[in-house]
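Colleague: Got a structure for you, questions after.
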Amino acid sequence: MSTAPKQRTIAEIPVQFVKGMGEKRAEAFRKFQVETVEDLLEFIPRRYLDRSTISPIAKVQLNEEATVIGEVISTEVVTRGKRRLIVRIYDRSGVLEGVWFNQIDLFKRIFSVGQTVAFSGKVGRYRHWQMVHPDFDILSQSREPLHTSQIIPIYPGSETLKKVGLNSYAIRRIVKNALEQFGAQIPETLPAPLLEKYRLLPRTAAYRAIHFPDTPEQVQQAIQRFKYEEIFYLQLLMGVFRHQHKKANPGLQFAIQNDFLRKVMEKLPFELTGAQRRVLRDIYRDLTSGRPMNRLVQGDVGSGKTIVAVLTMLMAFTAGYQAAMMAPTEILAQQHYLNLVELLDPFDVRVALLIGSLPARQKSEIQRQIAAGEVDLVIGTHALIQEDIQFARLGLVVIDEQHRFGVLQRGNLIAKGHRPHVLVMTATPIPRTLALTLYGDLDVSIIDELPPGRQKIITAWRTESSLPKIFRFIEERIRAGDQAYIVYPLIDESEKIDLKAAKAAFKQFQQVFPDFRVGLLHGRMSIKEKDAVMHAFKRGEIHILVSTTVIEVGVDVPNATIMLIEHAERFGLSQLHQLRGRIGRGHKKSYCILVTPENINEVAQQRMRVMEETSDGFRIAEEDLRLRGSGEFLGTRQHGLSDLKYVDLVRDVKLIQNAREDAFQLLKQDPQLRKPEHAVIRQRFFKLFADKFELAQIA
Ligand code: ADP
Ligand code: MG
């Protein structure tokens, strides 16, 4: 033991080496991404039972939610009546039964007489107190005393783990072994001065505290440390991105021809707002500075980001470079393309559209033109980042609706040019904390002003019983010359059932509005079909457009003043806000009607109320974050990082700011984390991010 052949850290030691971990258990753990000893230590309790909140069985009340702890005194499969397993526990004050109707054999194997177990659930009564399918945990096996601290850690308990005996008790034992065996091989992953500055627990102590706390305060201390660490590393990543970008010096220095831009601006049917001009000045400065631009433009729905992007692309064009814009949906890409073609008609600028659903022949022809430098501006979707797409001289990348793309996708498009300038745009207002966390590598410009003359949108939440009245209202408006969207939820465009529902809804609306032309738009239509429908709607030939959420982002038809959203309870707040952003774009009064069934849950009700109360995108984003919790907001799909485990983006603002400063400071001294004292940090950094990002440049 004393002369281990090679001193490895816990990040390198496979979890099988921990005592008590058989192959089966290691296998089960692997399903939870627990592969190394470090992963095991990071497999933390899901919650803690506080002894003061545990009810004596004699004191439980019918129908209350309770947690009880007791010793198993019998387990019995009863066949009278419906077959079921009954596990009786006793806690010196009384007896309570846990009852299982399903997977009886599995649960029978899990429980045995003499164990100490915890049951949580709703208390019922059938001769005895009982809980049907309680949330349970085994806290100690027979004859072993239950540990005596005030709080009891409860680990995530899934069937996969419980099947192989990995209940909280067993996990605690294994974690204990791990700490005993490898405690000396746990390197500190935070710089000592920072631990001191914030009085954070050292890493080993923090693991001990989170797995074996004596008091709730210890858990809090451990969490505080892990929170800081989590955000510190994320900010290191942002700092590395930022540094890479700044290092790309000199960047392309554009020689922009102002005359040309002025001519295009004269053709616009409106004056730019002050905010748009301010943002364009920021961009102009970036592009001519000789340093690569890396800017986020944040502006609420309808604030006029498109024209900012277009003028930016034209700046690149006049400097002799190609510019590419990536949009999240084909409909949006198409719309941008059509607008651009129209605007640039009198000028000699070559614009191309590149989207996945183009016929193969056409696609490869456009690819050829891009590579040969025969097109100047390219609008596209994900299709733009495919490997075989090459640009002759890509100088600018614009990413519309950044929140729809992951960090990685952004990187892939950027890699197509030789350090091109980057402009990302988002309509989803990003709360400040989130902006710092996810976009910490970008400079930010905000369009905080809507174009003049916009009407307030009236938003009303109604239940399905009001539909006839709503239809009459829509009819009235359309007779007065307006147009309407009816949005039908289609959660996933690959789901056939939903699609059927949308199509059925379309048929129904044709019957409800026999005098009007009703159109249908959904993601499964071919590009030609979509194009035809969007065009007809834009020209006013279609009065009512029944659509799935494909119209959520960007679609712009100013004459449409009504947005009816069916099953509004199924949408998230920012999605509702985006959808509502399709109306109120002209000078007419607009109406957004949210329709839900009578009974929807409390959180959904709150969402409806927020929508009625405000159209302030920033407030909506904050509320969204609050209602959903930050975990969901950071869904892996959205940003390409795993969820934050500890940090709460709403509450931990100060912490995020501190960690950001600290991380950037560290990188300033040691941009590549090469100093010997940063070796552990470097190693940890790569473990966390290397598989997610192409970091070849700092490796
Ligand atoms: P978003 O920021 O949501 O992408 P768009 O760029 O689609 O918004 O602009 C919304 C609408 O406002 C479009 O019809 C656009 O032509 C119009 N618009 C943009 N800027 C102005 C302006 N300065 N004055 C008037 N209308 C504008
Ligand atoms: Mg837009």
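The values are calculated or read from the model by the stated rules, or taken from the named source; none is laboratory data. Treat the numbers as computed from the prediction; the structure is a model and nothing was measured. Because the Cβ atoms are built from the backbone with ideal geometry, glycine has one as well, and the counts that use them run over all protein chains shown. SASA here: full protein model, heavy atoms, side chains in, ligands and nucleic acids out. Shrake-Rupley method; radii C 1.70, N 1.55, O 1.52, S 1.80 Å.
Colleague: Would you pick out the residues in segment 252-310 that are hydroxyl-bearing (Ser, Thr, Tyr), within 14 Å of ligand 2 (Cβ to nearest atom) and part of a helix (DSSP H, G or I)? Can you show your working first?
Modeller: Residues of segment 252-310 hydroxyl-bearing (Ser, Thr, Tyr): 273, 284, 288-289, 303, 306.
Right, trim to within 14 Å of ligand 2 (Cβ to nearest atom) and you get 303, 306.
Correct list: Thr306 only.
Colleague: Kindly list the number of the only condition in (1) open to solvent by 40 Å² or more (accessible area, probe 1.4 Å); (2) under 30 Å from Ala316 (Cα atoms) that fails for Gly290.
Modeller: So the condition that Gly290 fails would be (1).
Colleague: Which of the residues belonging to segment 321-337 are within 14 Å of ligand 1 (Cβ to nearest atom) and part of a helix (DSSP H, G or I)?
Modeller: Scanning segment 321-337 gives Ile331, Leu332, Ala333, Gln334, Gln335, His336, Tyr337.
Colleague: Checking the conditions here, which among Leu423, Leu442, Leu413 is modelled with pLDDT of 90 or more and among the aliphatic types (A, V, I, L, M)?
Modeller: Values: Leu442 fails: modelled with pLDDT of 90 or more; Leu413 fails: modelled with pLDDT of 90 or more.
So the residue among Leu423, Leu442, Leu413 that is modelled with pLDDT of 90 or more and among the aliphatic types (A, V, I, L, M) is Leu423.
Colleague: Which pairs turn up if I take residues in segment 67-81 that are farther than 9 Å from Ala118 by Cα and of a type in the set (A, V, I, L, M, F, W, C) and look for partners that are open to solvent by 70 Å² or more (accessible area, probe 1.4 Å) and outside any strand (DSSP E or B) with beta carbon separation below 8 Å, at least 6 apart in sequence or on another chain?
Modeller: Val72/Val113; Ile73/Val113; Val77/Arg83; Val77/Lys108
Colleague: Give the residues of segment 678-694 that are modelled with pLDDT under 80, touching a helix residue (DSSP H, G or I) at 6+ places or on another chain (Cβ under 8 Å) and either of a type in the set (Gly, Ala, Ser) or open to solvent by less than 60 Å² (accessible area, probe 1.4 Å) (or both), sorted by residue number.
Modeller: Passing the criteria: Phe689, Phe693.
Colleague: Return the residues of segment 478-516 that are open to solvent by less than 10 Å² (accessible area, probe 1.4 Å), of a type in the set (Gly, Ala, Ser) and at pLDDT below 90; say none if nothing qualifies.
Modeller: Ala502, Ala505
Colleague: Output the number of the condition that Ala327 fails; it satisfies all remaining conditions of (1) open to solvent by 10 Å² or more (accessible area, probe 1.4 Å); (2) within 12 Å of ligand 2 (Cβ to nearest atom).
Modeller: Unmet for Ala327, out of (1) open to solvent by 10 Å² or more (accessible area, probe 1.4 Å); (2) within 12 Å of ligand 2 (Cβ to nearest atom): (1).
Colleague: Only one of (1) within 27 Å of Tyr233 (Cβ to Cβ); (2) assigned to a helix (DSSP H, G or I) fails for Arg173. Which number is that?
Modeller: Failed condition: (1).
Colleague: When only residues in segment 524-545 that are in a loop (DSSP other than H, G, I, E, B), free of Cβ contacts under 8 Å to residues at least 60 places away in the same chain and on the phi < 0 side of the Ramachandran plot count, which is most open to solvent (accessible area, probe 1.4 Å)?
Modeller: Filtering first and then ranking leaves Arg539.
Colleague: Residues that are of a type outside the set (Val, Ile, Thr), touching a Pro at 6+ places or on another chain (Cβ under 9 Å) and surrounded by 12 or more Cβ atoms within 10 Å (Cβ to Cβ): list the strands (runs of 3 or more DSSP E) wholly contained in segment 42-126 that include at least 1 such residues.
Modeller: The qualifying strands (runs of 3 or more DSSP E) are 47-50, 95-100, 116-122.
Colleague: I've got another one for you. The conditions are (1) open to solvent by less than 20 Å² (accessible area, probe 1.4 Å); (2) in a strand (DSSP E or B), and Leu520 fails exactly one of them. Which is it?
Modeller: The one condition Leu520 does not meet is (1).
Colleague: Moving on. Pick from segment 449-467 the residues that are within 12 Å of ligand 1 (Cβ to nearest atom) and open to solvent by 60 Å² or more (accessible area, probe 1.4 Å): which of them is farthest from His587 (Cα to Cα)?
Modeller: The qualifying residue farthest from His587 (Cα to Cα) is Glu449.
Colleague: Then there is this: Ala26: of a type outside the set (S, T, N, Q) and either surrounded by 18 or more Cβ atoms within 10 Å (Cβ to Cβ) or within 19 Å of Ile138 (Cβ to Cβ) (or both), yes or no?
Modeller: In short, yes.
Colleague: What are the pairs, 6+ residues apart or on separate chains, where a residue within segment 580-600 that is closer than 17 Å to His567 by Cβ and open to solvent by less than 50 Å² (accessible area, probe 1.4 Å) has its Cβ under 8 Å from a residue that is part of a loop (DSSP other than H, G, I, E, B) and more than 16 Å from ligand 2 (Cβ to nearest atom)?
Modeller: Matching pairs, first to second residue: Arg580/Ser615; Val595/Glu566; Val595/His567; Thr596/His567; Pro597/His567.
Colleague: Among the numbered criteria (1) more than 20 Å from Asp616 (Cα to Cα); (2) within 16 Å of ligand 2 (Cβ to nearest atom); (3) basic (Lys, Arg), which one does Arg582 miss?
Modeller: Here Arg582 clears every test but (1).
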